[in-house]
Structures are given as structure tokens and as C-alpha cells.
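K.L.:
Just passing along the structure, written as C-alpha cells.
The values are calculated or read from the model by the stated rules, or taken from the named source; none is laboratory data. Quantities reported herein were computed from a predicted structural model and do not represent experimental measurements. Glycine also receives a Cβ, built like all others from the backbone with ideal geometry; neighbour counts cover every protein chain displayed. Just the protein is used for accessible areas: all its heavy atoms, side chains included, with ligands, DNA and RNA removed. Shrake-Rupley method; radii C 1.70, N 1.55, O 1.52, S 1.80 Å.
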Amino acid sequence: MSALRVLVGCKRVIDYAVKIRVKPDKTGVVTDGVKHSMNPFDEIAIEEAVRLKEKKIASEVIAVSCGPQQCQETLRTALAMGADRAIHVDIDSKDYETLQPIHVSKFLAKLAQDEKADIVIVGKQAIDDDCNQTGQMTAALLDWPQATFASKVEKNNGDLTVIREIDGGLETIKVKLPAILTADLRLNEPRYATLPNIMKAKKKPMAKKTPSDLGVDVASRQEIVSVEDPPVREAGQKVESVEELVTKLKDSGLV
Amino acid sequence: MKLGTLFILDNQYIFANKNIVDIGSGCGASAIACKLIGARSVVANDIDKIAIGAINLNATANQTEVSVSSENLIGSSDSHWNIVLLGDMFYDRHFVDIISDWIPKLSNNKISVFIGDPGRLPLINHPLSSKLEIVFKCELPEECLKGNNGMNSGYVWKYTP
């Protein structure tokens, strides 16, 4: 059995189907009493790690989530999908409000070294802040090669061959291990956590760490000035005929 | 444990005329298989009362009978046991520690130990695994895959000190 160890980051985010509401004081969005779930790109990352395990390329999949106590629910989902064990980096709710990808990438980099990971997989971005930074920063901190926006991953000898989704189409690159991958939408279709797996996941080990255990300063590097709703779309106008449309367009100087 | 059961049916000579204890028997498949291929005596052991009921039902369905016990037999030993079966019990590190202390004691008493497991990490990473020899390997069937995300092979190990 191969000895590759895969570390996967999975973020707890507001569920993709929830309508986001901005707090009245414009400091952020309402999270209390709102349904949360695993960031969909991180689900893809976990799925890829589990598939590497099923192909016997990986021997162990470790899921990591950084945030408040509720992140453990996200980690249980990862365990039910097939991760072997989990690490919860416990951040108190005050620090979590200002936690940024730079902090998370420091946690991931430290854990990757502590756990002797060979591959770190994260989603290409989280659907809440859309930062698209964690994978890249983790690669920089570790000085490991990175294959971002992966849509296909294969192992050849000691290297990974990764097909990346780029603006102009697809790019195929080779990276040496250890390496960072970030998962794009078409990498795979994540499986559901079935009931028997959810039951078994309860018995899988979950370790808890604090930022100080990992030697990371979580002081904020940015200040949130204001969070606002996007402008409300103005109502359109109905026209009865093509002639009327052309007249209106001419009147407003558009044609 | 279905996998252990397949191994028993394929290797009847190991189990025939032996006194066998099936620990964590669950549905009783392995215990029933031992009985059907001519083991001298079989005890299906599970601390879960519902499992005991299931074992009795399954034994009747296979037109046989096995002795059942819901006592926790882990740690104990009996001079007339020949073989101990352990099926799918290694999902918990702490539990593996308990069992790994017990297995060498059984072995010292000339009792063979067979383990059925899909290669769970607490077992693979345990020092005990260096003394386990794979005697049977197969791909897990579809319905079994759905309940074991991340694992698609099943193994039977024999303890070889």
C-alpha cells in the first residue's frame, strides 16, 4: 500500500441555497440561525482525496476545518464521505469574524508539515468570500508546487499530472510531490454521505487544535469598512412592437 | 463479516473439526458458515442483544443451530478453543489496543486468530499489523462499497507471531 497522505481543507459556509442577508450595521452578513454546509468546492476536494484512496494512491485522508465548534459537523460530513480522521482548528467566534485566507493557509501549512502530508487539496475558492487564495498561499508558505483549478488528477511515477481549467481552455501540467491542488468544479461529482457512513463517521477520530498550538497569530490583517447589498435592479419597460423599441433606443441615444 | 465467511467457505479444511469462537459475530454469517462446513463447535459471540436475535434467525434460515453468547469474551481464553475469528472490529484506535493485547495471549495458548477487515486505518497503523499476514483479498461488492466510503478491498489476516 502506498504511503501518500492527503490533507484536505473543508470550510463551513452558508449553504449555497440560502438567501444572504446583510447585517443592518453593515459589518457583515447574518449567520445566526442560517443553514450552513460544506463549501461545494471543498466537497469536490474531499471526493478527489477519497478517490485517490480508493485507487490505492493515498493511504490516509485527513480533513481539516478552521472555525467555531460547528465546524465539527462539516468535518463529520467529510468523515462520512470517506476521510479517515479529522482535525478541528478551534477559532473563537470573535477571531473568526476577521479570519482570512492568510491565517487558514498558515494553519494548513503547519498541519501539512506536522502530519507529513504529501498532497494538500482545497477547493479553488469558498462560496462565501470568493477569495481564491488559500491554496496558493499554502503553496507559497510551504514552498511546494501548486496545481490550481484542477479538473483531472493522475499519478505517474513520483509526479502528478494535472489538467487545469484556464481561460483559454485546458492546460496539462506535471508537479512533483509534495504538492498543493485546488479543486475546480469539473474535477469530480462528490458522493453523498449515506446513513451507514454517517454512523461509522461518529467513531472516526477528530483532534482539536488551537491557533496557539499551531503557532499562528490570528490578528486581523484587514479591516472591514462596509458590507453592502448589491444595488437593486431597476424595473424594465415593456414595448409593444419593434418600431417602438427602435424609437425608444434612438430617443435614449443608444443606436 | 461477509468476507471472513467467503474465506471460510473457500478454505474449509482450516475450520473443519475445530472449536471456533466468532467475536463480534453480528449477523452470524461466519459462525453459521463454520457450522455448515463441519466445525466441531461454534460460539457466535456479540454483546449486542439484537445481533444475538439476528444470529438465531439466520441460523434457522440456514437449517442449522449455533451456540450464542452475549458475554464480553474479549480478554478471556479457553483451553478448548482452536480458532478465534474477529470481523470488522478495528474502527477505533482504543479498541484496537485492547484487542492487540489479547491476540498474542490467544496465540500463546495455540489458538489461531483470523481477522476480517477492509483495511481500516487504526488497524493498518497499529504495530500489530506487522504480525498479520494477508491470507485472502477481494474487491468489496457494490452494496458493501456504499457503506464503506474510501475502502474498496476486503482482507482476511492471520496472526503470525
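K.L.:
Report the one residue of A:81, A:30, A:173 whose Cα lies farthest in the direction of the positive end of the charge dipole of the stretch A:4-252 (charges on C-beta: Lys and Arg +1, Asp and Glu -1; origin at the Cα centre).
P.N.:
Value: A:81.
K.L.:
Highest mean first, what order results for A:38-48, B:97-107 on Cβ atoms within 10 Å?
P.N.:
Details: A:38-48: 25.5, B:97-107: 16.1.
Sorting A:38-48, B:97-107 by mean packing, highest first, produces A:38-48, B:97-107.
K.L.:
Relative contact order of the stretch A:130-176: what whole-number percent is it, with Cα pairs under 8 angstrom and at least 6 residues apart? Don't skip to the end; give the middle numbers.
P.N.:
Numbers: 60 pairs, mean separation 12.9, N = 47.
It rounds to 27 percent for the stretch A:130-176.
K.L.:
Let me ask you something else. Which value, in debye to the nearest 20, gives the size of the charge dipole of chain A about its Cα centre, when Lys and Arg are +1 and Asp and Glu are -1 at the Cβ?
P.N.:
Working: 37 positive and 39 negative charges, 233 e Å.
Approximately 1120 debye in magnitude.
K.L.:
Restrict the search to the stretch A:161-255; then list the GluC sites (Glu not before Pro) that DSSP places in a loop and that have at most 16 other Cβ atoms within 10 Å of their Cβ.
P.N.:
Values: sites: A:165, A:171, A:223, A:228, A:234, A:240, A:243, A:244; in loops: A:223, A:228, A:234, A:240.
Here the sparse-neighbourhood loop sites are A:223, A:228, A:234, A:240.
K.L.:
If you put +1 on each Lys and Arg Cβ and -1 on each Asp and Glu Cβ, how big is the dipole of the stretch A:1-135 around its Cα centre, in Debye rounded to 20? Could the numbers behind the result be given before it?
P.N.:
Details: 19 positive and 21 negative charges, 35 e Å.
Once rounded to the nearest 20, the dipole reads 160 debye.
K.L.:
Looking at chain B, which longest stretch skips every one of the GluC sites (Glu not before Pro) that is in a DSSP loop with at most 12 other Cβ atoms within 10 Å, leaving the sites themselves out? Numbers along the way, then the final one.
P.N.:
Values: sites that count: B:65, B:71.
Excluding the exposed sites themselves, the longest stretch runs over B:72-161.
K.L.:
Shape of the stretch A:101-179 from its Cα gyration tensor (a ≥ b ≥ c, root eigenvalues): rounded if a/c is under 1.5, otherwise prolate when a/b > b/c, or oblate? Don't skip to the end; give the middle numbers.
P.N.:
Details: a/c = 2.38, a/b = 1.13, b/c = 2.10.
Here the stretch A:101-179 falls in the oblate category.
K.L.:
Sequence gap at least 6, Cα distance under 8 Å: using those rules, report the relative contact order of the stretch B:2-159 to the nearest whole percent. Walk me through the numbers before you get to the answer.
P.N.:
Working: 300 pairs, mean separation 31.9, N = 158.
It rounds to 20 percent for the stretch B:2-159.
K.L.:
Calculated FRET efficiency, residue B:50 and residue A:247, Cβ-Cβ r, R0 60 Å, to nearest 0.05?
P.N.:
Numbers: r = 79 Å, r/R0 = 1.32.
Approximately 0.15, to the nearest 0.05.
K.L.:
Which of the residues in the stretch A:182-204 lose at least 10 Å² of accessible area when you go from the chain alone to all protein chains together (probe 1.4 Å)?
P.N.:
Listed in order, they are A:191, A:194, A:196, A:197, A:200, A:203, A:204.
K.L.:
Still on this structure, please answer the following. In whole angstrom, how far apart do the alpha carbon centroids of the stretch B:26-43 and the stretch A:77-95 sit?
P.N.:
When both Cα centres are located, 42 Å separates them.
K.L.:
I would also like to ask the following. Below 8 Å, C-alpha to C-alpha, sequence gap of six or more: please give me the relative contact order for chain A in percent. Walk me through the intermediate numbers first.
P.N.:
On the way: 503 pairs, mean separation 59.0, N = 255.
Computed value for chain A: 23 percent relative contact order.
K.L.:
Between B and A, buried accessible area summed over both sides at probe 1.4 Å, in Å² to the nearest 100? Mind dumping the intermediate values first?
P.N.:
Details: alone 8320 and 14670 Å², together 21720 Å².
The buried area between B and A, both sides summed, comes to about 1300 Å².
K.L.:
What nm value, rounded to one decimal, do you get for the distance between residue A:228 and residue A:128 when each label is placed 7 Å out toward the C-beta?
P.N.:
If labels sit at residue A:228 and residue A:128, their model points lie 2.4 nm apart.
K.L.:
Please report, for the Cα atoms of the stretch A:1-137, the Rg to one decimal and the Dmax as a whole number; what are they, in angstrom?
P.N.:
Rg and Dmax of the stretch A:1-137, Cα atoms, are 15.0, 55 Å.
K.L.:
While we're looking at this one, here's another question. Label residue B:135 and residue B:11 with points 7 Å out from Cα along Cα→Cβ: what is the distance between them in nm?
P.N.:
For residue B:135 paired with residue B:11, the spin-label model returns 0.3 nm.
K.L.:
Quick one: check the C-alpha center-to-center distance for the stretch B:98-160 versus the stretch A:173-218, whole angstrom.
P.N.:
One Cα centre to the other: 26 Å.
K.L.:
At 222 nm, what helix-only mean residue ellipticity would chain B give, in deg cm²/dmol to the nearest 500, using -39500 (n - 2.57) for each DSSP H run of four or more? Each step should come with its number before you reach the end.
P.N.:
Numbers: 7 runs with 59 residues, N = 161.
It comes out at -10000 deg cm²/dmol, rounded to the nearest 500.
K.L.:
Where both residues lie in the protein assembly as shown, what percent of DSSP beta bridges are antiparallel, nearest 5? Please list the in-between numbers first.
P.N.:
Working: 29 of 73 bridges.
Looking only at bridges with both residues in the protein assembly as shown, the antiparallel portion is about 40 percent.
K.L.:
While we're on this one: Shielding by partners for A:44-54, please: the mean number of other protein chain Cβ atoms within 10 Å of each residue's Cβ.
P.N.:
On the way: counts 0, 0, 2, 1, 0, 1, 3, 1, 1, 5, 6.
Mean shielding by partner chains, rounded to a whole number: 2.
K.L.:
So which of A:55/B:131; A:116/A:208; A:124/A:203; A:23/A:208 end up more than 27 Å apart, counting from Cα to Cα? All intermediate terms of the calculation are to be shown ahead of the outcome.
P.N.:
Numbers: A:55/B:131 25 Å; A:116/A:208 18 Å; A:124/A:203 30 Å; A:23/A:208 31 Å.
From the list (A:55/B:131; A:116/A:208; A:124/A:203; A:23/A:208), the Cα-Cα distance tops 27 Å for A:124/A:203; A:23/A:208.
K.L.:
Here's another thing I want to ask about it. Rolling a 1.4 Å sphere over the protein heavy atoms, what is the accessible area per residue of the protein assembly as shown, to the nearest Å²? It would help to have the intermediate numbers written out before the result.
P.N.:
Values: 21720 Å² over 416 residues.
Heavy-atom accessible area per residue stands at 52 Å².
K.L.:
Continuing with this model, one more query. What distance in nm separates the two pseudo spin-label positions at residue A:159 and residue A:18, each 7 Å out from Cα along the beta-carbon direction?
P.N.:
Each label point is offset 7 Å from its Cα along the Cβ direction, giving 4.4 nm.
K.L.:
Please provide three numbers in whole Å: the alpha-carbon extents of the stretch B:2-159 along the principal axes, with the largest listed first.
P.N.:
39, 38, 31
K.L.:
Heavy atoms only, probe 1.4 Å: what % of the accessible area of chain B goes to carbon and sulfur, would you let me know?
P.N.:
Working: 4020 of 7640 Å².
Percent of accessible area from carbon and sulfur atoms in chain B: 53.
K.L.:
Find the percent of Cα-Cα distances in chain A that exceed 30 Å, and round it to a whole number.
P.N.:
Values: 11052 of 32385 pairs.
When all Cα pairs of chain A are counted, 34 percent exceed 30 Å.
K.L.:
May I pose another question? Is there a quick way to get the dipole size of chain B? I mean about its Cα centre, with the Cβ of Lys and Arg at +1 and of Asp and Glu at -1; what is the value in debye to the nearest 20?
P.N.:
Values: 13 positive and 16 negative charges, 72 e Å.
Computed charge dipole of chain B: roughly 340 debye.
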